[in-house]
Every structure is written in structure tokens, then in C-alpha cells.
1. Would you mind telling me which numbered condition in (1) surrounded by 19 or more Cβ atoms within 10 Å (Cβ to Cβ); (2) of a type in the set (A, V, I, L, M, F, W, C); (3) within 14 Å of B:ALA186 (Cα to Cα) B:PHE448 fails?
2. Going through the range B:264-300 one residue at a time, which ones are in contact with a Gly (Cβ under 8 Å, 6 or more places away or on another chain), assigned to a helix (DSSP H, G or I) and surrounded by fewer than 18 Cβ atoms within 10 Å (Cβ to Cβ)?
3. Go over the candidates B:GLY254, B:GLY199, B:GLY261 one by one and state the one that is within 14 Å of another protein chain (Cβ to nearest Cβ), assigned to a loop (DSSP other than H, G, I, E, B) and either among the small types (Gly, Ala, Ser) or touching a Cys at 6+ places or on another chain (Cβ under 8 Å) (or both).
4. Go through (1) basic (Lys, Arg); (2) under 24 Å from the mean Cα position of the chain (by Cα); (3) in a loop (DSSP other than H, G, I, E, B); (4) facing chain A (nearest Cβ under 10 Å) and name the single condition B:LYS417 misses.
5. For the range B:461-487, how many residues meet the condition of being within 17 Å of the chain's Cα centre (by Cα) and more than 21 Å from B:PHE9 (Cα to Cα)?
6. Are any residues in the range B:269-310 touching a His at 6+ places or on another chain (Cβ under 9 Å) and of a type in the set (A, V, I, L, M), and if so, which ones?
7. In the range B:325-350, which residues are within 9 Å of chain A (Cβ to nearest Cβ), out of contact with any Cys (no Cβ under 7 Å at 6 or more places or on another chain) and not in a loop (DSSP other than H, G, I, E, B)?
8. Go through the range B:1-46 residue by residue and tally those that are free of Cβ contacts under 8 Å to residues at least 12 places away in the same chain, in a loop (DSSP other than H, G, I, E, B) and under 16 Å from B:ARG221 (Cβ atoms).
Amino acid sequence: MSVSSTDVAQVAALARLKIDDHALDDVTQRFSRILDLVAELQQVDTAGVIPMSNPHDQIQRLRADVVTETNQREQLQAPAPAVAEGYFLVPRVID
Amino acid sequence: MTAQDPMAFATASELSAMLAEGKTCSVELTQYFLERIKANDDHINSVVTLCEEQALASAKAADQRRRDNSHTALTGIPLLHKDIFCTQGIKTTCSSRMLENFVPPYDATVVQKLNEAGTVTLGKTNMDEFAMGSSTETSHFGLTRNPWDTERVPGGSSGGSAAAVAAGFAPLVTGTDTGGSIRQPAALCGITGLKPTYGRVSRLGIVAFASSLDQAGPMTRTVEDAALMLNAMAGHDPMDATSAARDDEDFTAGLSGSIQGLRIGLPKQYFSSDLDPAIASIVRSALDELVAEGAELVEVDLPLTHHGIATYYVIAPAEASANLSRYDGVRFGHRCDDAEDLTDLYLRSRSEGFGAEVQRRILVGTYALSAGFYDAYFKKAQQVRRLISDDFHRAFQDVDVIAGPAAPGVAFKFGEKAADPINMYMEDIYTLSVNLAGLPGMSVQAGFHAGLPVGLQLIGRAFDESTLLRVGHRFQLRTDWHKATPVLNGGAA
């Protein structure tokens, strides 16, 4: 087992996921299997290799500095679970 | 209505000719395929949303365009979209509880382009949740069955799309491929599936999984239809920063060319003793057909092939964990009831909305990107990714196309690979390194083992889909494998 259930619970907190206590051992076991698999990458000699983040070496293009977006607030907020007066609603954050 | 109905298994090219000759109209075709889906999909479960009213309205408009002579080859042809493409006014769920009620306010560029070409959207197809899986078993809306054997998976993640083509529910279906999600289900369902070069097709409006790997492509009965469909899907999109700024190409133009003298590379790692001998034998027979057309077979070396899985299962989850952080229960998607505070809202909305495999990948990705592990996992995987990509480039200095199996086996039974995530990940061993390198890849139906389809995979140089399509088309001119159709029993079994 390459990680403990405490490690997994900590990562879950970072990822904003809630793992039920009864499922934690199973999640930890499967998680460890995946980490064991990816551990084999340490065997590959990568000294001096530049990490590849994208398949094509393409530079960011610039576009003309003109207005292309119009206000679509209502349309874009339509799928939101809770809105009022054009704002997204969340539970109270300041007491 | 039987599965052997000739209309059901006609190609888009054939239907287009019938429309041009006035032998049918789009409204008739649309009604026909809608009825066929309703009569036969209960047992297969390939379609998650059917949009009858919109489809008939588009069909009427398509018929008018044909009368006005302002049509394209695809005007009036019925089509299904994988439920990962945003469709304005039509639910787009990604087969997740998280997006169960999400109705996008806009169309994906791919959807918009196909609409402009005049295709008629019949509905949306089932998939693995957020495209994470190789069997379509992780869908929140139930599994999809393989039309060739309904006790077996159709592959995934575009399993609903592949099953729909195989079952004769539409001649054209869209798919997406992050590690093999077009090619592996195409192989397992006996159809043609093309993953274009990264950047060839716009990703705007495709629900993001792993942004440096995701690419959309056609899933069809024939290579000729894939070329026609790619013509409509491809092209530079200023709204996608990773879209390649290239001139439009006609992918049908070079289809009928010869493959005399073409050099086909066979990676020795793909044909090792690990490969099921039955699959190897079918792939070898398919290659013999290409040799008979004048192609030459050359052994090539892709030494890091077996590290592809580990590389992919760091990079894809890492990118997924970042992409899926947008589902917070605030702006769109599932929101839990009665949140105590903001953290509780995030935790419960996400845990209720995402299924087990999606959560697993978010965890792995978060871990790989976390402080202290970033260099050991994410940076290391990105370095190995470059080495894998370099190996392909080296091989392509000597050959025009690389060929091999699309999947390690035939369609497997439900639950067979569910116990250990690694077993499922191995399904993509021949396909995912192609995504890591950003190259085009295609699976074409190459034969049967124990009554189940086997795919031949062809891999090309970046932006050289034309050569892949030419080789695939030549193969389909010589063989009849792509014409085989399953018998649907309407759920009687």
C-alpha cells in the first residue's frame, strides 16, 4: 500500500470531495493500485528532457482588439441552481 | 422492421445520393431513424436523449435547402451527438448526475458546423461518465449494450456512439477520444472511428476532460463517410486557443488514390507475445490486404510503449482534476440540498454529483499536482510524454503510417474488468500513446473473432489524416468486413 487512508482523506479534502468513512479503505486500496502503476515512470531516464504540456508547439495568437462579446448574463445564468438579481447565490460566508 | 433493413445500414454517401436523386427526403429519413431507435434501443440503451421535434424541424429545413440548391453533401443526413457536445436547448449530461439537468446556452463549434452543413440531430448518445472509462459501464444512465452481443460492453467512452452506428440508428455519430474513446469502441462494435490530429477539430463546447489530449472525431460505417464528416467538423476556430490555424482541406479528395509503395510501420512492441494470438492473426491478415495493394511493411521501434499507460494515468487525471474543479454547485450542475456553509456546498455537491471512477481520477490528479509530488509525478510524466512523442516522430522518418491492433481483445462481458481499475486502463494500451503524441489515429473493422468485431488501427503523422483515410478506404474497397451488420433482437434475449 503506497498511501495511507489518512493521505487519501487529505487529498480528498484538497479536491473538495467527501469520502464516506465506510468507503475509505476501498478508495485507498484502488488509489494505491494506480500509484503503484504510475511509479514505474521513475525507471525512465528523463535527465534534461523538457516537459511536454501540449502536442503542438504553437504560440498564443493575438486577436484584433475589438469588442466581440455582448452581455448574455441571463442566458448564461439560466443553468445556475440559484440566482437573484443577476448574482449567483451561495450559503452565507460572513457572519 | 428488422435489423437487416437496407436503409438502416446505408452509408451517409449512399443516403446523400438518394436525397440528390429525389428518391427520399430528409423528413422521411429522419422519421425512419427516429422510429428505428424507438423500436430497438430499449435493450441497447445507446441513446440518452431523443429530440424528435427539433429533428423534424431541421429535416424540413434541410429539404428546403436541397430544393433551393444551397445544400452540402451532408444536408438532410440524420446524425447523433455524443452527450459530451454542448447542444443549445438540448440537455447535455456527459452521462453524469452532475450535469443531469444541464441545458447548455450555446452549441459546441462541432455541433454548429454540422448544423451549418445541414445534418439533422436526432439525439444524444450514452458514454462513460465524463468520458472516463472504456466500457460505458460508468454512465449514470445505465450501461450500453454491444449490438453484436448484448451481454458484452460496446467499449468506451464513446460506447453509445459506436453501438448506435453498429445498430443502424444513424449513419453519422460524433465521438471524442482522450485516450482511445473513439477507436476502442469503434473496434469493439465493428465500425470506423477516426481521432483527428490534436488541434484539427475545435474543442469549444466539448465538456473538458483532459485538455491537452481531448479531440473530437467521426464515427461512421465507412472511411468515406468519415472523410465527409471530418470535412464538416474540422477547421480553425478562433474561440479555441489550441485549434490549429490551418487552411481547410477536402479529406475526400485523395481517398481513391493508390497506396503503391506506401511504407507501413509495425511497432514490434504492439505485436509482442502479450497480444492475443487471435487478434494478432486478424490484424496480420488485414495488413496482407494492404500489401496486396502495393504497401510495404516495415518493423519500427516504439520502446516506451509500455510506459504509455502510466504516463497517461498521471497526465489525464491531473488535467481532469483541474477541469472538473469548475463543478462547485454554484454556477451550473448539481447542487446539494441545505448546505451548511460554502465548504459543505462544495463537498456534498461534488461527491453526490460525481461517480466513483470520476472521483478516483480527480483524487489521483490532485495528488499528482500537489506540493511535494508535482515533480515526481506530473513533471516526470510530461517528460516521458515527450520521449514517447519523439519515438513516434523518429518512426515516421522511415514510414508513412503505423499500424497495429486498436484494442487488446474483443468486447468483454459486463463487470469483467470492473474490480481493478488497472484492468480497464489496459484496454487503451494501443491507443493512448497516440493522444500523448497528438497524432491522428483510426480504427477500421478488420474481421471477427468468436463472432465479435476486431479493429485495425492506423496511426498517421500530425495533420496527415488524408493518408490514413486513403489507406482505410483502400482496405474497405478490397474487403467486406465493414458491411457486416448485427442482428437486433429488440430485447427478446
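1. Status for B:PHE448: all satisfied but (1).
2. Scanning the range B:264-300 gives a single hit, B:SER285.
3. Going through B:GLY254, B:GLY199, B:GLY261 in turn, the sole match is B:GLY199.
4. Going through (1) basic (Lys, Arg); (2) under 24 Å from the mean Cα position of the chain (by Cα); (3) in a loop (DSSP other than H, G, I, E, B); (4) facing chain A (nearest Cβ under 10 Å) one by one, B:LYS417 breaks only (4).
5. Looking only at that region, the number is 2.
6. If the condition is that a residue be touching a His at 6+ places or on another chain (Cβ under 9 Å) and of a type in the set (A, V, I, L, M), then B:ALA278, B:ILE279, B:ILE282 are the ones that fit.
7. B:SER325, B:LEU342, B:THR343, B:ASP344, B:TYR346, B:LEU347, B:ARG350
8. Result for the range B:1-46: 1.
The values are calculated or read from the model by the stated rules, or taken from the named source; none is laboratory data. Computed from a predicted model, the values in this text were never measured in an experiment. For neighbour counting, all protein chains shown are included, and Cβ atoms are generated from backbone atoms with ideal geometry for every residue, glycine included.
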